[in-house]
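First up is the structure itself, then whatever we jot down about it.
The values are calculated or read from the model by the stated rules, or taken from the named source; none is laboratory data. Values in this document were obtained by computation on a predicted structure and should not be read as measured data. Reconstructed Cβ throughout: ideal geometry from the backbone, glycine too, with neighbour counts over all protein chains shown. With ligands, DNA and RNA removed, areas are computed over all heavy atoms of the protein, side chains included. Shrake-Rupley method; radii C 1.70, N 1.55, O 1.52, S 1.80 Å.
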Amino acid sequence: AGFNPKAETPEPTAADAFEFSKGTITDYVGSDTNVVIPAAIDGTPVTSIGQAAFMDKSIENVVIPSTVKYVGDYAFDECDDLNSLYFYGDVPTNLSSATYDMSISGVQLLAKNKRILILRFEKLRDNQRKREDLRALLALN
């Protein structure tokens with residue numbers, strides 16, 4: 001059985017797997033490949049994922065709570081094993097700039113129990129095309 005956040009409510013990853021400051025996850029220091037970001041850490045709501053917070057980590061799936069409204073640039077850059085980002089709330093509107101430099105292929109972006117986008121980007125020299133493609137698709141929601 002695989003990891004399926006649509007079929008179950010996964011248990012949050014332990015708070016000590018994250019470096020956290022003022023509502024922002026600044027780094028992932030855990031070892032789980034399936035990461036479930038908690039809605040709050042030590043009573044403080046998690047409202048953003050900081051710049052490069054998961055960069056170059058060996059992660060496969062990330063569940064993001066509805067409290068997250070912002071994802072920093074390069075947050076998931078160089079995560080070669082990444083399969084899906086699952087948003088329990090709305091997809092942050094800045095996500096296009098947060099993901100345009102990802103060197104991944106076949107990542108699913110899911111929100112509210114539906115797949116809204118599959119990223120199938122190869123490493124491109126022209127990052128502008130990636131930004132435009134993401135902006136256009138995110139605008140459909």
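Within region 18-35, one or more residues are within 10 Å of the chain's Cα centre (by Cα), within 21 Å of Leu110 (Cβ to Cβ) and open to solvent by less than 10 Å² (accessible area, probe 1.4 Å).
Glu60 falls short on exactly one of the conditions (1) within 13 Å of the chain's Cα centre (by Cα); (2) within 18 Å of Phe87 (Cβ to Cβ); (3) open to solvent by less than 60 Å² (accessible area, probe 1.4 Å), and that condition is (3).
Could you list, in sequence order, all residues of region 22-51 that are under 17 Å from Tyr70 (Cβ atoms) and either free of Cβ contacts under 8 Å to residues at least 12 places away in the same chain or of a type in the set (A, V, I, L, M, F, W, C) (or both)?
Quick first cut of region 22-51, residues under 17 Å from Tyr70 (Cβ atoms) only: 22-28, 37-41, 44-51.
Those that are under 17 Å from Tyr70 (Cβ atoms) and either free of Cβ contacts under 8 Å to residues at least 12 places away in the same chain or of a type in the set (A, V, I, L, M, F, W, C) (or both): Ile25, Ile37, Ala39, Ala40, Ile41, Val46, Ile49.
Is it true that Val68 is outside any loop (DSSP other than H, G, I, E, B) and hydrophobic (A, V, I, L, M, F, W, C)? Steps first, please.
Values: outside any loop (DSSP other than H, G, I, E, B): no; hydrophobic (A, V, I, L, M, F, W, C): yes.
In short, no.
Note on region 55-78: residues that are closer than 16 Å to Ala17 by Cα and either acidic (Asp, Glu) or at pLDDT 95 or above (or both) total 2.
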